[in-house]
Amino acid sequence: MNSINKTARIAGFLYLSYIVTTIFADVFCRSKLLVFGDAAATASNIMASERLFRLSFVSDLVSAVLFLLAAWALYVLLKPVNKNIALLFLLLNLGGVAVQCINMLNLFSAVLLLSGADYLKVFQIDQLQTIAMFFLYLYKNGFMIAQFFFAAWLFPLGYLVFKSG
């Protein structure tokens, strides 16, 4: 198998792996726990299945790395077409992954607030649940901000694929 086909297969495998880990985190883990609009139910679900919630967090981190690696493999494939535009789509992808990873701190913050740690005893339980829900809404909105970068990287990628023949 020549080098180009091998790189293309690696890119495809990385992208498929990204899709699987993302679906696992969102559909099979987190969506079963979050009840937007009901802070008490969400807090109860997260604490009852904290391991599942943390697993979705780790799965999201793995999917971010896979997405970046898939973009890097595509960069290697498409760099001969136009190096500057290939670098642009790689940087846009990196921007989206960075925003996504920083945004995941909001998920982690929600779990910390619901952990029952001693330093949180000064707050009422309903206050902690409300603040945790606030961080979950921040995550939801931060995810939409990352989508701007993920959408923008598709334009230079599409151009390069078109030009590559």
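The values are calculated or read from the model by the stated rules, or taken from the named source; none is laboratory data. Just so it is clear, the structure is predicted and the values come from calculations on it, not from any experiment. Please note: Cβ atoms are built from the backbone with ideal geometry, for glycine as well, and neighbour counts cover all protein chains shown.
Data for the structure
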quantity	calculated
Matching residues, region 115-142, being under 30 Å from V97 (Cβ atoms) and of a type in the set (F, W, Y)	F134, F135, Y137, Y139
Residues that are in a helix (DSSP H, G or I), farther than 19 Å from D26 by Cβ and not aromatic (F, W, Y), drawn from region 124-147	I125, D126, Q127, L128, Q129, T130, I131
Selection count, region 133-165, where residues are small (G, A, S) and within 19 Å of the chain's Cα centre (by Cα)	4
Filter result for D60 (within 27 Å of G95 (Cβ to Cβ) and touching a helix residue (DSSP H, G or I) at 6+ places or on another chain (Cβ under 9 Å))	yes
F53 being in contact with a Pro (Cβ under 6 Å, 6 or more places away or on another chain), modelled with pLDDT under 95 and not charged (D, E, K, R)	no
Count of region 20-34 residues which are among the β-branched types (V, I, T) and modelled with pLDDT under 90	0
Per-region count, region 16-46, residues more than 16 Å from the chain's Cα centre (by Cα) and either free of Cβ contacts under 8 Å to residues at least 12 places away in the same chain or in a loop (DSSP other than H, G, I, E, B) (or both)	8
Test result for L120, aliphatic (A, V, I, L, M), surrounded by fewer than 20 Cβ atoms within 10 Å (Cβ to Cβ), within 18 Å of V35 (Cα to Cα) and without any contact (Cβ under 8 Å) to a residue 40 or more places away in the chain	no
Index of the failed condition, L92 passing every other in (1) touching a Leu at 6+ places or on another chain (Cβ under 6 Å); (2) buried (at least 20 other Cβ atoms within 10 Å of the Cβ)	(1)
Tally of residues being of a type in the set (V, I, T) and over 19 Å from the mean Cα position of the chain (by Cα) across region 47-91	3
Per-region count, region 77-123, residues more than 23 Å from L55 (Cβ to Cβ) and outside any helix (DSSP H, G or I)	7
Residue match in region 63-79 (condition: of a type outside the set (K, R), modelled with pLDDT of 95 or more, in contact with a Cys (Cβ under 6 Å, 6 or more places away or on another chain) and buried (at least 20 other Cβ atoms within 10 Å of the Cβ))	yes
Qualifying residue in region 24-37 (condition: closer than 20 Å to M104 by Cβ, hydroxyl-bearing (S, T, Y) and loosely packed, with under 14 Cβ neighbours inside 10 Å)	yes
